[in-house]
There are 2 protein chains.
Amino acid sequence: MSRVTIKEIARRCGVSQGAVSYALNNQPGVSEATRARVLKVAAELEWVPNRAARQLSAARSETFGLVLARSAQTLIEEPYFMGFVGGVESVLSEKSFALALQVVADLDEEIATYRKWSAERRVDGVIVVDLRVADPRIPVLRKLGLPAVLVGDPALADGMPCVWTDGTAAMTAALDHVESLGHRVIARVAGPPEFGDVWIRDQAYDVAARRLALTASIHHTDYSATQGADATRDVLAAIPRPTAIIYDNDLMAVAGMAVIQALGLRIPDDITLVAWDDSALCRITHPTLTALSHNVVGYGAEVMHRLLDVLAGAQPQSHLYSTPLLLIRESSAPR
Amino acid sequence: MSRVTIKEIARRCGVSQGAVSYALNNQPGVSEATRARVLKVAAELEWVPNRAARQLSAARSETFGLVLARSAQTLIEEPYFMGFVGGVESVLSEKSFALALQVVADLDEEIATYRKWSAERRVDGVIVVDLRVADPRIPVLRKLGLPAVLVGDPALADGMPCVWTDGTAAMTAALDHVESLGHRVIARVAGPPEFGDVWIRDQAYDVAARRLALTASIHHTDYSATQGADATRDVLAAIPRPTAIIYDNDLMAVAGMAVIQALGLRIPDDITLVAWDDSALCRITHPTLTALSHNVVGYGAEVMHRLLDVLAGAQPQSHLYSTPLLLIRESSAPR
DNA sequence: CTTCGTTACTTAACCGGTTCGGCTTATCAA
DNA sequence: TTGATAAGCCGAACCGGTTAAGTAACGAAG
């Protein structure tokens, strides 16, 4: 029941409470000798700062927020998020900061959460994921003055600090890849069009397809395995039938693969598949999946570092984390 | 910049701060008329309680803790956790409580986190997952007096409150299933033996195999896709070769499936597969996977409810959430 | 020797709530 | 009319830190 307070430390050291505070926070105002003595006593008593007290007086919570506006079901299916959260955590825990994680149903609830957190002074800053086209969260965050880092393309961030991966370059690489294998009719099974990343990829896909003179279609889904399978059926029914499909995540790619195989078509002989978000899934299927790979854990860590920069007073800037790398595996074959 | 405090409300209502506090907290000590007036003004000013202040004086943080001692990599691969967290969240958010989530490397760090949280008064209670055999966390939590609900079999909980699913019954159902299909030589690809759930299943597997007079082997892994694939290769090399394999999670089952298919064996004609933790994966493979299914999101919610019960003063008790249900799909076939 | 500026503290206000003892006033039985 | 009881409210202490303002001691500059 260690209820050690700085008052107790002050008593034992024979100095005032204030001096102890200065000593413990590495601030000027005490001599090195006193500081050392205070630190020693604090360590002996196993003193741990009371978060609430510190937050109340210092107006810093040392907590950062992350709201996920996705159904619990999606979160189970998408390995992506947990990895991202793990990356964010890795930065926080070494500084012994905390993460407030909230799962909500939609964007309105997400905005309400920001309002609440801001009013409660619950968090020092937030990470905003799943950036949308003309994202309604941006003006709210601006108005609240809540420090934030957006995860997504600068074109969507409206001047706020953001971290992004180059979806355009990745998509271009994917199309160059399938074109170089001789494919001329291709399809894209995409996420929801209101998502910024999807929009960026859609643009890049169209541009590259035109440049390479490919026949190319886009099928939008909600990212789920079910809709990924349905979209794949649509793709296969098209005439002429595409010989390569590029998926927006690996879950849909795996679902699509099952559909294709169930119809008696062979991968990669009949159809080439490319996935996005290279999780373990891409390596355990048979055949293994060609994928646009990026380090999700590292991405989470990078975003958190940028948020700390923003709190330290850095000017808002966009920061390119990386370009997803095309890893060519067994699901790719020449036409 | 809403910096509305109860002091301001008190001023406007012409009552004392204390009276406002009673009114807002639905406590006796103010007349209904006053309470109504206070509530009205509070609503008008959009007052939101300051968490830190409330926590400091009330010694309640309204925050609950969950530590995951797994690598970020595992967390990405295992869809399980995100679903569980989502379930926990769903209960917390409707009461506007918060979740402190921490990802650490091992059990020692997990214990250190509990110590820190307890000293800081950071959380009101914790959820403990991945229960071990003779779990070292139990005595620590007891000593700290930190309210907790364990997720795992009562046999492992040492009298602490716990929520569990009946792994023994589930495993028995799985073996009855494969035996009824005529399989006589079977294998189990299990998780790490130090995990309580794995241990429980190991026991049940042995007992059922003996009862049914089956030739049965167990191969322990770290739950990863890689080791699941390796274990599957070991299984296939055994003589006599098993005709049915039961996996401890769906990730390994999918990995195993790829290995089997790559070797030219057919599922389910040559080998029957049964998975555990029925996520989307089991339904998107070809063939689809027979699995022991349970509602992970509901499980998380249930556990959180029990923790709230414990904090409300409930006696420690074990609580059976459910028995995983065997869903028979295409990967099952008669010998 | 006075004056000024540092350094090393102490004191006390403050953050925004909760809670307890005590003071008024109204209510009601004796 | 009086005394007991309770409801309603006030004032102030308190939670555990941070920090602005004040003070004493001391060395250097004028």
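Numerical summary
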{"quantity": "Label-to-label distance, nm, for residues given as A:Arg266 and B:Leu39 (7 Å Cα→Cβ offset)", "calculated": "7.3"}
{"quantity": "Scaled radius of gyration (Cα, divided by 2.2 N^0.38 Å) that the stretch B:167-293 gives", "calculated": "0.93"}
{"quantity": "Nm distances between copies for A:Ala33, ranked from closest, using label points 7 Å along Cα→Cβ", "calculated": "6.6"}
{"quantity": "Considering only the protein assembly as shown, percent of DSSP beta bridges that pair antiparallel, nearest 5", "calculated": "10"}
{"quantity": "Between helix A:225-237 and chain A: long-axis angle, C-alpha atoms, 0 to 90°, nearest 10", "calculated": "20"}
{"quantity": "Sequence-separation-based contact order of the stretch A:150-233, relative, with Cα cut under 8 Å and 6+ spacing, percent", "calculated": "30"}
{"quantity": "Neighbour net charge for A:His286 - beta-carbon separation under 15 angstrom, K R +1, D E -1", "calculated": "+1"}
{"quantity": "Within a Gaussian network of chain B (alpha carbon springs, distance under 10 Å), most fluctuating of B:Asn26, B:Asn249, B:Asn295", "calculated": "B:Asn26"}
{"quantity": "Heavy-atom accessible area, 1.4 Å probe, ligands and nucleic acids excluded: residues of the stretch A:1-24 down by at least 10 Å² from chain alone", "calculated": "A:Met1, A:Ser2, A:Arg3"}
{"quantity": "B:Thr5-B:Val185 FRET efficiency (beta carbon distance; Förster radius 56 Å; 0.05 resolution)", "calculated": "0.20"}
{"quantity": "Relative contact order of chain A, defined on C-alpha pairs under 8 angstrom at six or more residues apart (%)", "calculated": "17"}
{"quantity": "List of the stretch A:52-93 residues, accessible area with partners at least 50 Å² below that of the chain alone (1.4 Å probe)", "calculated": "A:Ala52, A:Leu56, A:Ile76, A:Met82, A:Glu89"}
{"quantity": "Share antiparallel - DSSP beta bridges, chain A, percent rounded to 5", "calculated": "10"}
{"quantity": "P(r) tail fraction, the stretch B:1-100 - alpha-carbon pairs more than 16 Å apart, %", "calculated": "67"}
{"quantity": "Cα centroid separation, the stretch B:264-335 to the stretch A:292-316 (Å)", "calculated": "36"}
{"quantity": "At least 50 Å² accessible surface lost relative to isolated chain, residues of the stretch A:118-161 (1.4 Å probe)", "calculated": "A:Ala119, A:Glu120, A:Arg121, A:Arg122"}
{"quantity": "Rel. contact order, % - alpha carbon contacts under 8 angstrom, at least six apart, the stretch B:79-207", "calculated": "20"}
{"quantity": "Whichever lysines have a C-alpha closer than 29 Å to that of A:Lys116, once near sequence neighbours (fewer than 8 apart) are set aside", "calculated": "A:Lys95, A:Lys143, B:Lys7, B:Lys40, B:Lys95, B:Lys116"}
{"quantity": "Nearest-first distances (nm) between copies at A:Ser16, label 7 Å from Cα via Cβ", "calculated": "3.0"}
{"quantity": "Calculated label separations, B:Ile328, copies of the chain, 7 Å along the beta-carbon direction, nm", "calculated": "4.6"}
{"quantity": "Highest-MSF residue in chain A out of A:Thr290, A:Thr215, A:Thr165 [GNM, Cα springs under 10 Å]", "calculated": "A:Thr215"}
{"quantity": "Accessible area buried, both sides summed, chains A and B with 1.4 Å probe, Å²", "calculated": "4600"}
{"quantity": "Accessible area in square angstrom per residue, the protein assembly as shown, 1.4 angstrom probe", "calculated": "40"}
{"quantity": "Pairs of alpha carbons in the stretch A:6-49 whose separation is greater than 16 Å (percent)", "calculated": "18"}
{"quantity": "Fluctuation leader among B:Ile200, B:Ile284, B:Ile186 - chain B, Gaussian network, Cα springs under 10 angstrom", "calculated": "B:Ile284"}
{"quantity": "In sequence order, calculated HN-Hα J values of the stretch B:249-260 (Karplus, 6.51, -1.76, 1.60; Hz; x Gly/Pro)", "calculated": "8, 7, 4, 5, 5, 5, 4, x, 4, 4, 4, 4"}
{"quantity": "In sequence order, calculated HN-Hα J values of the stretch B:56-67 (Karplus, 6.51, -1.76, 1.60; Hz; x Gly/Pro)", "calculated": "5, 7, 8, 6, 10, 9, 6, 10, 10, x, 9, 10"}
{"quantity": "Local electrostatic count at A:Arg12 - Lys and Arg +1, Asp and Glu -1, tallied over other residues with Cβ under 12 Å", "calculated": "+2"}
{"quantity": "Whole-percent carbon and sulfur share, accessible surface of the stretch B:52-108, 1.4 Å", "calculated": "47"}
{"quantity": "With Cα atoms, 0 to 90° folded angle of helix A:79-94 axis to chain A main axis", "calculated": "20"}
{"quantity": "Simple label model, 7 Å out from Cα along Cβ direction - B:Ser217 to A:His319, nm", "calculated": "5.0"}
{"quantity": "Carbon + sulfur, % of accessible area of the stretch B:6-49 - ligands and nucleic acids excluded, 1.4 Å", "calculated": "51"}
{"quantity": "D_trans [Stokes-Einstein, Kirkwood Rh over alpha-carbon pairs] for chain A, 10 °C, 1.306 mPa s, µm² s⁻¹", "calculated": "71"}
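The values are calculated or read from the model by the stated rules, or taken from the named source; none is laboratory data. If you're wondering where the values come from, they're calculated on a predicted model, not measured in any experiment. No Cβ is skipped: glycine too gets one built from the backbone with ideal geometry, and neighbour counts run over all protein chains shown. Accessible surface is based on the protein model in full, side chains and every heavy atom, while ligands, DNA and RNA are left aside. Shrake-Rupley method; radii C 1.70, N 1.55, O 1.52, S 1.80 Å.
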